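Here's the structure, in structure tokens; my notes come after.
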Amino acid sequence: MNNMTRVDPIPCQQHNNKWHMTPVLRLMISALVIIGLWQAVVVILAMPSFILPAPLDVFDRLIQRHDVLLKHTLVTAQEIVLGLLLGLAMGLFFALQMLLSNPIKRWLLPILIASQAVPVFAIAPVLMLWLGYGMASKIVMTALIIFFPVTTCCYDGLRNTPTGYLDLAQTMGATRWQMLRHIQFPASLPTLASGIRVAVVIAPIGAVAGEWVGSSEGLGYLMLQANARMLIDEMFAALLILSALSVSLYFVTDKLLKKLIPWEV
Amino acid sequence: MTFPAGQWTCILGRSGCGKTSLLRYLAGLLDQQVDWSGTLSLTPSHADLSLHIAYMAQQDLLMPWLSVLDNVMLSHQFGKQIAGSRSTSARKLTSEKALALLQKVGLADSASHTVSQLSGGMRQRVALARTLMQDKPVVLMDEPFSALDAVTRYRLQDLACELLIDKTVVLITHDPQEAIRLADQIYIMRGVPAAAESLNVPSSPPPRLFDAQCAALQQEIMTCLEREDGAAQ
């Protein structure tokens, strides 16, 4: 034992984390950095205000026109949320039909895939024609743009239930409906959740594209109007609010999904 | 092959010899791809086997969206619902029964936990409680303990033996020691097409301690299983 070299005790590293870096905090810091860079670009390159307004001008405009912006934000928000709900309901319904009936699946699945080849933007004018300038056309637009991810994720989730679960349920005497409700549906929820996350991110695209093609209200409409009147700071203000809306929608949905589906792997 | 009522029958064999298919046939889970010849006869002959079996697989098959207690009560969600089984008092009785079974397997404290918080051995114990909850006279087990470490396996074998004492058990295993410890009757399955051969078990009651008689039987089994290889060569 005397031949052994003496080992000095290693000092213990102590972590003095008084606050934790959360994703929200990270996003806020990133946003501040981007705004800082934006201001720098405007100042250094002496950008004219009709090409790239300074962030401070945009905020100024935002506060000045907050009542108008709020009104249009509510319209767009409603279009997005209602479109999400409609698209989700349609997706679940079609996925169930494809699961329950093999003939329906054989006919519907190719149509579903082909439907994605047609850009949703291209049928926007047709939707305006059929459903008018109000919210209905934008809601349908949003629902159509998220229909494919939701349906395929739901269908895949339902189809890929681990066979061990189904075997166990069968030996317990489960009927087809009981298996669907108690085993296949809960087992499909994690896959469905990833479909919903994708849908929440692309839903605003549908709503705003619909507003650009023809509308009388909403943030997209406001952006077009501001652009036409060369009020670029107002356009940027609307764009900023739209981004904030999309990001908060994603975070809220993510939190909700994590709460409802805690066993997600 | 004969499976006497109230006794443990172990079926031993190499992987792929058809023992799982046999069990799945008994469980009513066999799909069309397997060639089958022969008949199943029950005493009494008018009985429907599928109503009287409980199935336990190698994976624990616990549903991750249910708590441990709900998993034990899983069988009550299925099958034709008897009138009155949905009432609050009936449900209270069911959950009390489930809790009592969890106590028997030593997991009463984990009743409200999620499945992900349990270890492999604990999960298989919950699966055992779920099997007991079904209260069926025939229990079919497909290598239920083979995914566990040796000590946990030993303990669970003792536990299963104690709790399934009056049931007709058909246990599939690839471990000769397990079969020798637990069986009232051993079959060895081998060959193509698969055929079963019965062996004599030691005289001590299961769960057996491994003594000289058991060791001799294990050697006999290994020779028997190896013989198939020799014949093939």
In debye to the nearest 20, the charge dipole size for chain A, taken about the Cα centre with +1 at each Lys and Arg Cβ and -1 at each Asp and Glu Cβ, equals 660 debye
Averaged over residues of B:61-70, the number of beta carbons from other chains lying within 10 Å of each residue's Cβ is 4
Over all viewing directions the Cα convex hull of chain B casts an average projected area in nm² of 14.6 nm²
Residue-ordered couplings for segment B:8-21, obtained by feeding phi - 60° into the Karplus form 6.51 cos²θ - 1.76 cosθ + 1.60 and rounding to whole Hz (Gly and Pro as x), are 8, 10, 9, 10, 9, x, 6, 5, x, 7, x, 5, 5, 4
With N residues in segment A:68-122, Rg(alpha-carbon) / (2.2 N^0.38 Å) equals 1.58
If unit charges are put on Cβ atoms (+1 for Lys and Arg, -1 for Asp and Glu) and the dipole of the protein assembly as shown is taken about its Cα centre, the option from B:A127, B:T168, B:F78 lying farthest towards the positive end turns out to be B:F78
Given chymotrypsin sites (Phe, Trp or Tyr not before Pro), DSSP loops and at most 14 other Cβ atoms within 10 Å, the longest exposed-site-free stretch of chain B is B:37-209
A student applying the Cα gyration tensor rule (rounded when a/c is under 1.5; otherwise prolate if a/b is larger than b/c, oblate if not) would label segment A:7-153 oblate
For the A:L74, B:R227 Cβ pair and Förster radius 51 Å, calculated FRET efficiency rounded to 0.05 is 0.05
The Cα extents of the protein assembly as shown along the principal axes, largest first and rounded to whole Å, are 98, 81, 59
log10 I(q)/I(0) for segment A:29-108, Debye formula on C-alpha points only (no solvent), q = 0.16, 0.20 Å⁻¹, two decimals, reads -0.78, -0.96
In square angstrom to the nearest 100, the accessible surface buried at the A/B interface, both sides summed with a 1.4 Å probe, amounts to 1700 Å²
For segment A:152-229 (alpha-carbon point model, no solvent) the Debye-based log₁₀ I(q)/I(0) at q = 0.19 Å⁻¹ works out to -0.79
As a Kirkwood estimate from alpha-carbon pairs, chain A has a hydrodynamic radius in angstrom of 22.2 Å
Here the FRET efficiency for B:R14 versus B:E96, based on Cβ atoms and R0 = 45 Å and rounded to 0.05, is 0.55
Treating only Lys and Arg (+1) and Asp and Glu (-1) as charged, each at its beta carbon, one finds that segment B:117-233 has a dipole about its Cα centre, in Debye to the nearest 20, of 400 debye
In whole percent, the fraction of accessible protein surface over chain A that belongs to carbon or sulfur atoms, probe radius 1.4 Å, stands at 70 percent
Expressed to one decimal in nm², the mean projection of the alpha carbon convex hull of segment B:77-196 is 9.7 nm²
Cα convex hull volume per residue for segment A:69-213, in Å³, equals 113 Å³
Evaluated at 4 °C and 1.567 mPa s, the Stokes-Einstein D of segment B:158-232 based on the Kirkwood radius over Cα pairs, in µm²/s, stands at 97 µm²/s
Contour minus Cα-Cα span, A:L166 to A:V198, at 0.36 nm per residue, comes to 8.7 nm
accessible surface per residue for segment B:97-233, probe 1.4 Å, DNA/RNA/ligands not counted, whole Å² -> 47 Å²
Surpassing 29 Å at the alpha-carbon level, of the pairs A:K259/B:K104; A:K105/A:K259; B:K19/B:K92; A:K71/A:K255; A:K259/B:K136, are A:K259/B:K104; A:K105/A:K259; B:K19/B:K92; A:K259/B:K136
Rounded to the nearest 10 degrees, the helix B:212-232 long axis (Cα) sits at an angle to the longest Cα principal axis of chain B of 70 degrees
Among A:S215, B:S50, B:L12, the residue whose Cα sits farthest towards the positive end of the charge dipole of the protein assembly as shown (+1 at Cβ of Lys and Arg, -1 at Cβ of Asp and Glu, taken about the Cα centre) is A:S215
Quick note, segment B:111-177: a/c under 1.5 would make it rounded; otherwise a/b > b/c is prolate and the rest oblate (a ≥ b ≥ c, C-alpha gyration tensor); here it is oblate
Accessible-area loss of at least 40 Å² in the complex relative to the chain alone (1.4 Å probe) applies, within segment A:156-180, to A:Y165, A:D167, A:L168, A:T171, A:M172, A:Q178
Of the residues A:N160, A:F94, A:A122, the Cα lying farthest along the dipole of segment A:61-200 towards its positive end, which is defined by charges on the beta carbon of Lys, Arg, Asp and Glu, belongs to A:A122
Chain B: antiparallel bridges as % of DSSP beta bridges, rounded to 5, reads 25 percent
Simple spin-label estimate for B:E162/A:V247, 7 Å along Cα→Cβ, in nm, reads 5.9 nm
Restricted to the protein assembly as shown, the DSSP antiparallel beta bridge percent, nearest 5, is 25 percent
To the nearest 20 debye, segment A:1-156 has a Cα-centred charge dipole, built from +1 on Lys and Arg Cβ and -1 on Asp and Glu Cβ, of 200 debye
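The values are calculated or read from the model by the stated rules, or taken from the named source; none is laboratory data. Here the structure is a predicted model, which is why all the values come from computation and not from measurement. Cβ: placed from backbone, ideal geometry, glycine included. Neighbour counts: every protein chain shown. Ligands, DNA and RNA are stripped out before the accessible areas are found, and what is left, the full protein with its side chains, is counted by its heavy atoms. Shrake-Rupley method; radii C 1.70, N 1.55, O 1.52, S 1.80 Å.
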